[in-house]
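Q: Quick one: the structure is below, and I'll ask about it shortly.
The values are calculated or read from the model by the stated rules, or taken from the named source; none is laboratory data. It should be emphasised that the depicted structure is a prediction, and the values quoted were computed from it without experimental measurement. Here the Cβ positions follow ideal geometry from the backbone for every residue, glycine too, while neighbour counts run over all protein chains shown.
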Amino acid sequence: MMETVKVKSVEITTTARVSASYALKANIRQYAMLIALVFIMIFFQIATGGILLVPMNVTNLILQNSYVLILAIGMTLCILTGGNIDLSVGSVAAFIAAIMGTLIIEEKMDVTAAIIIGLLMGVIIGIWQGFWIAYVRIPAFIVTLAGMLLFRGLTNTILKGLTLSPFPRSFQRISSGYLPDLFPVIDGFNLTPIVFSAIFSILLIITQLRKRRAKIRSNTGVIPAFLFIGQLLLIIAAVNLFAYALATYKGIPIVLVILAALISGYHFFTTKTVPGRYIYAMGGNERAARLSGIDTNRVLFFVYLNMAVLSAVAGIVFAARTDSAFPLLGNGFELDAIAACFIGGASATGGIGTVIGAIVGALVMGVLNNGMSIMGIGSDWQMTIKGFVLLMAVAFDVLSKNRAK
Amino acid sequence: MVILEMRNISKYFGTVKALDNVSLKVAAGEIHALVGENGAGKSTLMNILSGVYPYGTYSGEIVFQGEKCAFRGIRESEKKGIAIIHQDLALIPYLSIAENIYLGNERAKWGVINWEKTRQDAAVLLKKVGLRENPDVFIKDLGVGKQQLVEIAKALAKNAKLLILDEPTAALNEEDSDNLLQLLLELKKSGITAILISHKLNEVIRVADAITILRDGATIETINVSEGRVNEDRIIRGMVGRELTDRFPKRRPKIGGVYLEIKNWTVFDPKIEGRKIIKDVSIRVHRGEIVGISGLMGAGRTEFAMSVFGKAYGRQISGEIRKDGEKIMINTIKKAIQNGLAYVTEDRKNAGLILIGDLRQNISLSSLDKISKRWIINDEKETRVATDYREKLKIRSSSIYQKVQNLSGGNQQKVMLAKWIFAAPDILILDEPTRGIDVGAKYEIYTIINQLAEEGKAIIFISSELPEVLGICDRIYVMNEGRIVGELNREEASQERIMRCIMQSMQRNRGRL
């Protein structure tokens with residue numbers, strides 16, 4: 001029944017060019033959340049009387065949401081393996097922040113050394129949780145729920161219920177510092193970001209064109225030229241506008257560099273590498289992956305090890321931003337990260353989802369938070385609205401998939 | 001008397017016509033078989049009849065017991081006495097037989113279930129379908145054959161007048177299939193009409209009173225079995241629309257030296273302590289040879305194959321594997337692949353394919369190292385490989401980017417084969433490679449298997465369908481209850497001899513007890 005349907009549907013390979021409406025449809029579903037993000041931004045830009053996209057606020061948006069973005073990357077991998085989530089990320093972040101506070105503020109340890117120790121602690125925590133999840137096969141939900149309590153408890157023990165503050169300048173810089181100006185600053189206009197975005201734009205055009213040509217050569221479906229150019233122009237416009245905003249404020253925040261490295265690194269990892277493919281395969285069908293020679297236990301172990309390390313990074317970044325380590329740090333981070341992934345199109349049963357999607361999801365939440373705060377909407381309402389948005393985003397995804405069937 | 005008439009049914013999925021003016025007339029009290037290749041529209045038609053596709057999503061009309069019907073859901077069709085039993089059984093493993101039979105149809109008053117009555121009524125139904133089990137037994141403790149009977153009891157509990165069975169014997173062994181067909185004939189006597197969808201034409205000819213053939217969403221013909229001479233060839237001709245002179249492609253075997261030898265292979269159950277599943281099995285396979293392993297369902301064939309394939313099944317595995325005379329140790333699946341073994345599972349959907357993945361991703365999965373360098377996948381190479389295999393194996397799909405879940409069974413099977421052929425194994429173990437796929441696709445898969453043998457690979461071919469084993473294998477091992485109980489050459493093998501091997505071993509075992 002369905003087979004006949006599919007056989008007769010669009011023949012992509014033979015024509016090499018996908019019909020415009022088909023491509024548009026496929027792309028719209030893929031970019032739906034991105035488009036929603038743009039609309040949300042336009043809405044708040046108007047509702048806040050233009051404050052949302054003021055250069056200072058754009059920079060702020062990045063700084064404010066850096067921890068969710070970092071966590072969402074790792075959470076995507078967890079969810080990909082089969083809808084597993086990690087509830088412990090907030091507590092782990094707090095625990096690492098507490099260690100940072102103790103080492104740097106109380107023990108006066110060197111900042112770099114302390115950060116290395118913090119990351120190593122993340123590795124150890126990852127090994128601990130990964131062991132139970134991947135090799136003993138206790139459901140991730142339970143192991144990380146235990147971890148959530150465990151590391152929150154340890155955080156309190158280390159901090160003795162108190163807040164440690166302030167950190168030295170060198171540590172704060174992680175979250176509040178900016179890249180040194182490589183190029184002159186004219187009238188408060190910082191050239192560095194512009195140069196970077198220009199280089200990025202050129203590289204993007206070259207690689208995309210090369211890819212497209214390869215696809216045409218190998219006769220595998222390419223999207224129509226107007227869509228391709230449109231897409232490219234949109235991305236370049238967004239990046240350059242963003243760079244402009246940074247340029248008129250203080251330049252490129254150090255966190256942004258960390259984020260860019262993580263996002264592009266993990267994007268590459270999930271889309272282009274063998275272990276990345278293993279993660280998708282495992283979430284798609286674990287038994288099939290296993291029978292194809294993939295050690296799925298090791299995949300699961302790695303994913304949770306990775307999540308703990310990223311939690312440590314988030315903890316360090318957040319401690320640097322708030323300039324303190326306190327018992328309630330990271331409370332609810334896990335839910336923000338999980339929500340970001342699902343808004344970004346990840347499937348609750350695994351095998352579907354992208355790092356970029358999760359980043360867009362996190363930005364949707366971030367812009368909502370920020371926009372509503374500017375408008376003076378209380379945090380109680382903010383939570384209500386965010387909950388609603390999460391539900392609607394996933395409902396949209398489910399409904400559009402059903403219709404596609 | 002006509003109990004059901006479906007007139008000029010047409011159904012579109014999007015812009016594609018799945019059914020084109022199909023008509024079906026079923027007489028009361030008959031067994032009416034519905035045959036056709038996968039994708040011919042059988043299931044679509046039955047889904048329309050049972051209300052899965054509600055009234056309004058198709059055109060045409062349905063008249064059941066003289067009444068025009070416009071079902072908006074399964075419940076409505078059930079109320080009228082139409083019950084459909086799907087290929088994938090819809091029973092709940094951790095509920096008892098009685099609970100399953102009356103699921104959604106509880107023996108209750110004011111919402112409180114009368115368990116006494118439930119059990120009693122269930123027992124009556126079980127007797128009727130010939131299932132000797134306590135109604136309190138959990139479904140998970142029953143074999144597939146018995147579960148099928150529970151499904152029928154469940155349908156009877158709803159006072160079904162018309163039973164629709166979708167491939168009811170696909171997962172059953174010969175004995176259980178026999179029982180089930182016998183039951184259908186019994187039910188027929190008590191006035192129940194049945195529509196039987198099946199790929200197994202010998203069964204169809206045995207029990208059906210009328211056979212309707214569908215092809216490409218259209219009715220080809222309805223054959224009245226009592227009237228005319230019906231044979232498989234005639235049905236196949238109707239199904240594929242061409243003469244299929246030989247169901248098995250010709251091949252002249254070029255058999256070389258011993259390639260794989262397995263000695264004294266013993267495997268224990270992974271869950272139940274001390275229970276032997278495979279008992280001292282020894283086999284050998286030559287280069288270029290297709291060796292069949294025949295046996296009833298549950299004989300241990302799959303368990304044997306998987307335990308050889310990197311210990312994917314069982315524990316306390318002992319025995320020896322020699323390849324080209326050299327002893328090899330295979331402790332993981334990865335090792336097995338590296339040693340040139342491939343195992344193509346019988347369970348396409350659950351263990352074989354990433355259904356949400358596309359062709360490309362599935363084909364490369366077991367050999368990612370071949371298309372990557374330092375863990376980085378070469379996109380272009382991957383695309384080329386997938387395109388090549390799609391063409392070579394004639395996988396019918398919109399492109400290599402189509403999701404595997406949207407392919408027909410035969411094409412899914414080809415994707416699995418592509419994956420393992422790309423892994424370039426020396427020895428291929430094929431487990432039920434043609435289960436649930438249509439005649440045309442079967443022929444193509446046999447051709448592929450022959451080609452692989454031609455290239456000098458050794459093939460182990462596991463199948464429950466005896467004609468197929470006889471048709472393509474050079475040598476056949478017969479397996480029963482975890483043991484090899486017979487070895488037959490192509491010349492001496494026949495259905496009777498294989499069955500005799502099995503029966504004799506059963507008698508021996510009984511004697512031993």
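Each row is one residue, and each column tells you yes or no for (1) under 24 Å from the mean Cα position of the chain (by Cα); (2) among the charged types (D, E, K, R).
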{"residue": "B:Val308", "(1), (2)": "yes, no"}
{"residue": "B:Ala386", "(1), (2)": "no, no"}
{"residue": "B:Arg390", "(1), (2)": "yes, yes"}
{"residue": "B:Ser398", "(1), (2)": "no, no"}
{"residue": "B:Lys403", "(1), (2)": "yes, yes"}
{"residue": "B:Lys414", "(1), (2)": "yes, yes"}
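Q: Right, here's the next one. One residue is enough: does the stretch A:183-197 have a residue meeting the conditions in a loop (DSSP other than H, G, I, E, B) and either touching a strand residue (DSSP E or B) at 6+ places or on another chain (Cβ under 7 Å) or charged (D, E, K, R) (or both)?
A: The answer is yes, given that some residue of the stretch A:183-197 is in a loop (DSSP other than H, G, I, E, B) and either touching a strand residue (DSSP E or B) at 6+ places or on another chain (Cβ under 7 Å) or charged (D, E, K, R) (or both).
Q: When you scan the stretch A:90-100, do you find a residue that is assigned to a helix (DSSP H, G or I) and either free of Cβ contacts under 8 Å to residues at least 24 places away in the same chain or not hydrophobic (A, V, I, L, M, F, W, C) (or both), even just one?
A: Yes, that holds for at least one residue.
Q: Right, next: Where residues in the stretch B:39-74 are within 14 Å of chain A (Cβ to nearest Cβ) and among the hydrophobic types (A, V, I, L, M, F, W, C), which of them is farthest from B:Thr219 (Cα to Cα)?
A: Ranking the candidates gives B:Val52 first.
Q: Now for a separate question. Can you run down the residue pairs with Cβ atoms below 6 Å, 6 or more apart or on separate chains, where the first is in the stretch A:132-148 and surrounded by fewer than 23 Cβ atoms within 10 Å (Cβ to Cβ) and the partner is among the aromatic types (Phe, Trp, Tyr)?
A: Listed pairs, sorted by first residue: A:Ile138/A:Trp132.
Q: Among (1) touching a residue at least 24 places away in the same chain (Cβ under 8 Å); (2) more than 26 Å from the chain's Cα centre (by Cα), where does B:Glu99 come up short?
A: The single condition B:Glu99 does not satisfy is (1).
Q: Let me ask you something else. Check whether at least one residue in the stretch B:446-459 is surrounded by fewer than 21 Cβ atoms within 10 Å (Cβ to Cβ) and either at positive phi or in a loop (DSSP other than H, G, I, E, B) (or both), and report yes or no.
A: There is at least one residue in the stretch B:446-459 that is surrounded by fewer than 21 Cβ atoms within 10 Å (Cβ to Cβ) and either at positive phi or in a loop (DSSP other than H, G, I, E, B) (or both).
Here's the yes/no breakdown for (1) in the same structural domain as B:Val308 (by TED's automatic domain parsing); (2) in contact with a helix residue (DSSP H, G or I) (Cβ under 6 Å, 6 or more places away or on another chain); (3) under 14 Å from A:Leu291 (Cβ atoms):
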| site | (1), (2), (3) |
| --- | --- |
| B:Ala336 | yes, no, yes |
| B:Thr387 | no, no, no |
| B:Lys392 | no, no, no |
| B:Ile395 | no, yes, no |
| B:Tyr401 | no, no, no |
| B:Ser408 | no, yes, no |
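Q: Go through the stretch B:1-92 and tell me which strands (runs of 3 or more DSSP E), entirely inside it, have 2 or more residues that are over 20 Å from the mean Cα position of the chain (by Cα) and farther than 22 Å from B:Ser190 by Cβ.
A: The strands (runs of 3 or more DSSP E) meeting that bar are B:2-13, B:16-27, B:58-64, B:67-69.
Q: Continuing with this model, one more query. So B:Ile363 ticks every box in (1) within 7 Å of another protein chain (Cβ to nearest Cβ); (2) part of a helix (DSSP H, G or I); (3) β-branched (Val, Ile, Thr) but one. Which box is left unticked?
A: So the condition that B:Ile363 fails would be (1).
Q: For the stretch A:289-405, which fully contained helices (runs of 4 or more DSSP H) count at least 3 residues that are acidic (Asp, Glu) and not assigned by TED's automatic domain parsing to the domain that holds A:Ser170?
A: In the stretch A:289-405, there are no helices (runs of 4 or more DSSP H) which contain 3 or more residues that are acidic (Asp, Glu) and not assigned by TED's automatic domain parsing to the domain that holds A:Ser170.
Q: Okay, moving on. Output the number of the condition that A:Arg213 fails; it satisfies all remaining conditions of (1) within 14 Å of chain B (Cβ to nearest Cβ); (2) charged (D, E, K, R); (3) crowded, with 17+ Cβ neighbours inside 10 Å.
A: Of everything listed in (1) within 14 Å of chain B (Cβ to nearest Cβ); (2) charged (D, E, K, R); (3) crowded, with 17+ Cβ neighbours inside 10 Å, A:Arg213 misses just condition (3).
Q: When the residues of the stretch A:243-300 are filtered to those that are facing chain B (nearest Cβ under 9 Å) and touching a strand residue (DSSP E or B) at 6+ places or on another chain (Cβ under 6 Å), which remaining residue is surrounded by the fewest Cβ atoms within 10 Å (Cβ to Cβ)?
A: In this case the residue turns out to be A:Lys272.
Q: When you scan the stretch B:22-32, do you find a residue that is crowded, with 23+ Cβ neighbours inside 10 Å, more than 9 Å from chain A (Cβ to nearest Cβ) and at pLDDT below 85, even just one?
A: Within the stretch B:22-32 (the criterion being crowded, with 23+ Cβ neighbours inside 10 Å, more than 9 Å from chain A (Cβ to nearest Cβ) and at pLDDT below 85), the answer is no, since none of the residues qualifies.
Q: List the strands (runs of 3 or more DSSP E) inside the stretch B:291-352, counting only whole elements, that have at least 3 residues being surrounded by fewer than 22 Cβ atoms within 10 Å (Cβ to Cβ), out of contact with any Lys or Arg (no Cβ under 6 Å at 6 or more places or on another chain) and basic (Lys, Arg).
A: Working: elements: B:315-323, B:326-328, B:341-344.
Result: B:315-323.
Q: Does B:Met499 meet the test of being more than 20 Å from B:Asn202 (Cα to Cα) and not hydroxyl-bearing (Ser, Thr, Tyr)?
A: So B:Met499 does not fit the description; no.
Q: One residue is enough: does the stretch B:236-252 have a residue meeting the conditions of a type in the set (Lys, Arg) and surrounded by 16 or more Cβ atoms within 10 Å (Cβ to Cβ)?
A: Yes - at least one qualifying residue is present in the stretch B:236-252.
Q: On to the next question. Testing A:Ser66 on (1) within 27 Å of A:Thr349 (Cα to Cα); (2) out of contact with any Pro (no Cβ under 9 Å at 6 or more places or on another chain), one condition comes back false. Which one is that?
A: It fails just one condition, (2).
Q: Looking only at the stretch B:390-440, which residues are assigned to a helix (DSSP H, G or I), within 10 Å of chain A (Cβ to nearest Cβ) and within 23 Å of B:Ser372 (Cβ to Cβ)?
A: Within the stretch B:390-440, B:Arg390, B:Glu391, B:Val404, B:Met416, B:Lys419, B:Trp420 meet the criteria.
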